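Engineer: Before we start, here is the structure in question, set down as structure tokens.
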Amino acid sequence: MTHEFDLDAYMSTMKVMGRFHNVGLPDEPLPPMQAQQFMPGGYYIGASHIGNREECEAMLKLASEKNIKPDIETRDISEATCSEVVQGVKENKVRYRYTLVNYDAVFGKRE
């Protein structure tokens, strides 16, 4: 989907000096970009920092201390479910994060 992203159309909705921030890793390489695309509005492009082990542990500690829980929707893993999940994301029908579960029941116990 990211390879189909229309950066010009998106930037046309941004305010002057607006920031495009990509969170997570894209599913495909982003389309080629030219410096001229950023100049009309002085736009910025950035990405999220995934974090190292120490940062991850600090985040999990904070979540535990504050009793912060994720909003997720669990789905039993299968070829059909994976297809449905991908389609749901593509159609923007996901309310929470999908988490595929019951791996061992389908593929056998991991060692």
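The values are calculated or read from the model by the stated rules, or taken from the named source; none is laboratory data. Quick caveat, the model's predicted, so the values are computed rather than measured. Neighbour counts are summed over all protein chains in view; Cβ atoms, including those assigned to glycine, are modelled from backbone coordinates with ideal geometry.
Engineer: Report yes if D76 is charged (D, E, K, R), in the same structural domain as N102 (by TED's automatic domain parsing) and under 21 Å from the mean Cα position of the chain (by Cα), otherwise no.
Structural biologist: Details: charged (D, E, K, R): yes; in the same structural domain as N102 (by TED's automatic domain parsing): yes; under 21 Å from the mean Cα position of the chain (by Cα): yes.
Answer is yes for this residue.
Engineer: Here's another thing I want to ask about it. Looking at I50, I45, I72, can you tell me which residue is among the aliphatic types (A, V, I, L, M), at pLDDT below 90 and more than 23 Å from Y96 (Cα to Cα)? If you could, list the steps in order and put the result at the bottom.
Structural biologist: Values: I50 fails: more than 23 Å from Y96 (Cα to Cα); I72 fails: more than 23 Å from Y96 (Cα to Cα).
Of the residues listed, the single one that is among the aliphatic types (A, V, I, L, M), at pLDDT below 90 and more than 23 Å from Y96 (Cα to Cα) is I45.
Engineer: Let me ask another. Do we find that H21 is outside any helix (DSSP H, G or I) and either in contact with a strand residue (DSSP E or B) (Cβ under 7 Å, 6 or more places away or on another chain) or surrounded by 10 or more Cβ atoms within 10 Å (Cβ to Cβ) (or both) in this structure?
Structural biologist: yes
Engineer: In the stretch 17-34, how many residues are farther than 12 Å from L7 by Cα and either aliphatic (A, V, I, L, M) or not assigned by TED's automatic domain parsing to the domain that holds D6 (or both)?
Structural biologist: Final tally of qualifying residues: 3.
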